Amino acid sequence: MAAVYAIDLIAIRDKKRKMDSSIVKGWNVHYQTLEEVEEQERLKKQKEREEQAKAASETEESEDSDEVHLEDKKEAFNRKTGSYSGNYGKKPVKDAEKKHQIDAILSDKPDAYKSALSAIKSEFDKAADEIIAESR
């Protein structure tokens with residue numbers, strides 16, 4: 001194995017010396033045909049167009065979502081912690097593995113979860129009824 005390694009190093013050294021001492025040799029030059037150059041330019045322009053279209057669609061989406069995000073940020077700000085923690089848990093979970101974990105955790109103690117959820121709903125309903133009664 002050592003002999004093969006030594007020969008490879010010698011071959012690399014000889015090739016480097018040959019390249020360093022040559023000015024321009026035919027085996028060191030790659031000639032591109034006109035078709036190859038045109039194809040490369042066409043592919044480059046096509047990539048640029050795709051990137052511009054993608055960027056344009058992203059800016060349109062971001063402009064629409066910026067207005068919504070500003071309102072969400074105001075509502076999500078938690079004064080006690082000084083952070084925007086009000087959005088946690090409001091977006092739907094897309095990952096199937098995480099959904100499975102969440103379902104396993106919630107089904108572990110379903111009675112406690114259901115009672116807590118019903119208590120929150122009842123408090124919300126009472127608060128909504130009080131607001132409606134005050135506005136009348």
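Structure data summary
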{"item": "Any hit, the range 57-75, residues being modelled with pLDDT of 85 or more, part of a helix (DSSP H, G or I) and either open to solvent by less than 100 Å² (accessible area, probe 1.4 Å) or touching a Phe, Trp or Tyr at 6+ places or on another chain (Cβ under 9 Å) (or both)", "result": "no"}
{"item": "Neighbours by Cβ (under 9 Å, 6+ apart or cross-chain): first from the range 98-113, in contact (Cβ under 8 Å) with a residue 60 or more places away in the chain; second charged (D, E, K, R)", "result": "none"}
{"item": "Residue match in the range 30-51 (condition: modelled with pLDDT under 80, open to solvent by 100 Å² or more (accessible area, probe 1.4 Å) and not in a loop (DSSP other than H, G, I, E, B))", "result": "no"}
{"item": "Extreme residue, surrounded by the fewest Cβ atoms within 10 Å (Cβ to Cβ), among residues of the range 93-119 that are assigned to a helix (DSSP H, G or I) and β-branched (Val, Ile, Thr)", "result": "Ile105"}
{"item": "Condition check for Ser115: modelled with pLDDT of 75 or more, among the hydroxyl-bearing types (Ser, Thr, Tyr) and under 23 Å from the mean Cα position of the chain (by Cα)", "result": "no"}
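The values are calculated or read from the model by the stated rules, or taken from the named source; none is laboratory data. These numbers come from a predicted model, not from an experiment. Note: ideal-geometry Cβ built from the backbone for every residue, glycine included; neighbour counts use all protein chains shown. These area figures cover heavy atoms from the full protein model, side chains too; ligands, DNA and RNA do not enter into them. Shrake-Rupley method; radii C 1.70, N 1.55, O 1.52, S 1.80 Å.
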